[in-house]
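A short write-up of the structure that comes next.
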Amino acid sequence: MASSIDPPDSDHPPTEGSGTAVLGAPPAAVLGAPPAPVRWMRALEASHWPDRLTALYRPLAAAVAGPPDSSRDRFLTGRWLGHALHPVLVLTPVGMWSATTALDLVGGPSAGPAARRLLGIGLLATPSAVATGLAEWRPTAGGPRRVGLAHAAANTGASTLMLLSYLARRRGSRTTGTVLALAGNSLTGLAGYLGGHLTVVNRVASRNPTFDNWSATG
């Protein structure tokens, strides 16, 4: 299994001449100023404020994943699967919570029980997604580590809001539950953007080394 960390330049996106093709990228001379999200992500990678969260998440990652290259670590990083397990497991909570908000907004009062059940299923699926995410994040450093910390913080906030939404619904406060779930899904969207940056730009994802030399045509 290849490491979750690429060579030392992994803090930066591939550039022309780096040996990595950037699909659809125009020549550097016509790129102009990068869009705002690119500037924000570069600032996040260079910022040191996320480092304060390391003391919280690093021991948790070690406790969840076990020693590096242990059987638990190999399972959580998808050694047996061929690539990272985390993207597979995040689909359940994200899907359940998106469906919850859809029912809240267009399902009417009769959809309340179904929305609550879907929200609960998403909460039950969250620990496995968290465990695999921590295992992927643990070996990172520099910019990718900081993006991963922001990703984890956004997901923590989203999960907390979803739990509060579920409890509000159990108490009969559907309106409060709807607002909390909508806010939670907003944070989930932010976390998804950060996760996409980790995998696409920072190339943080465990994979079987066979794929490193696999041609595009197979």
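What follows draws every value from the coordinates through simple rules; no lab data is involved. Just so it is clear, the model here is predicted, and its values are computed rather than measured. Neighbour counts run over all protein chains shown; Cβ positions are idealised from the backbone, glycine included.
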| task | Quickly run through region 182-192 and pick out the residues that are surrounded by fewer than 19 Cβ atoms within 10 Å (Cβ to Cβ) and free of Cβ contacts under 8 Å to residues at least 60 places away in the same chain. | result | A183, S186, G189, L190
| request: Please tell me if A115 is under 12 Å from the mean Cα position of the chain (by Cα), assigned to a helix (DSSP H, G or I) and farther than 18 Å from A62 by Cβ. | output: no
| field | Identity of the residue in region 38-90, in a helix (DSSP H, G or I) and of a type in the set (D, E), that ends up nearest to the chain's Cα centre (by Cα) | value | E45
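Yes/no per residue for (1) surrounded by fewer than 17 Cβ atoms within 10 Å (Cβ to Cβ); (2) at negative phi; (3) among the polar types (S, T, N, Q); (4) free of Cβ contacts under 8 Å to residues at least 40 places away in the same chain:
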{"residue": "G142", "(1), (2), (3), (4)": "yes, no, no, no"}
{"residue": "R145", "(1), (2), (3), (4)": "no, yes, no, no"}
{"residue": "R171", "(1), (2), (3), (4)": "yes, yes, no, yes"}
{"residue": "L180", "(1), (2), (3), (4)": "no, yes, no, yes"}
| query | When you scan region 68-93, how many residues do you find that are among the β-branched types (V, I, T) and exposed (fewer than 14 other Cβ atoms within 10 Å of the Cβ)? | reply | 0
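For region 123-140, name all the residues that are touching a residue at least 40 places away in the same chain (Cβ under 8 Å) and more than 15 Å from the chain's Cα centre (by Cα).
Within region 123-140, L123, P139 qualify.
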| task | Considering each residue of region 105-124, count those that are of a type in the set (V, I, T) and surrounded by 13 or more Cβ atoms within 10 Å (Cβ to Cβ), and give that number. | result | 1
| note | Restricting region 34-59 to residues that are surrounded by 15 or more Cβ atoms within 10 Å (Cβ to Cβ) and in contact (Cβ under 8 Å) with a residue 12 or more places away in the chain, the one nearest to G195 (Cα to Cα) turns out to be M41
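Do you know which of the residues in region 94-104 that are in contact (Cβ under 8 Å) with a residue 60 or more places away in the chain and either within 18 Å of G133 (Cα to Cα) or of a type outside the set (D, E) (or both) is surrounded by the most Cβ atoms within 10 Å (Cβ to Cβ)?
T100
Taking L163 as the residue in question, decide whether it is in contact (Cβ under 8 Å) with a residue 40 or more places away in the chain, of a type outside the set (D, E, K, R) and closer than 12 Å to T54 by Cα.
Spelling it out, it is not the case that L163 is in contact (Cβ under 8 Å) with a residue 40 or more places away in the chain, of a type outside the set (D, E, K, R) and closer than 12 Å to T54 by Cα.
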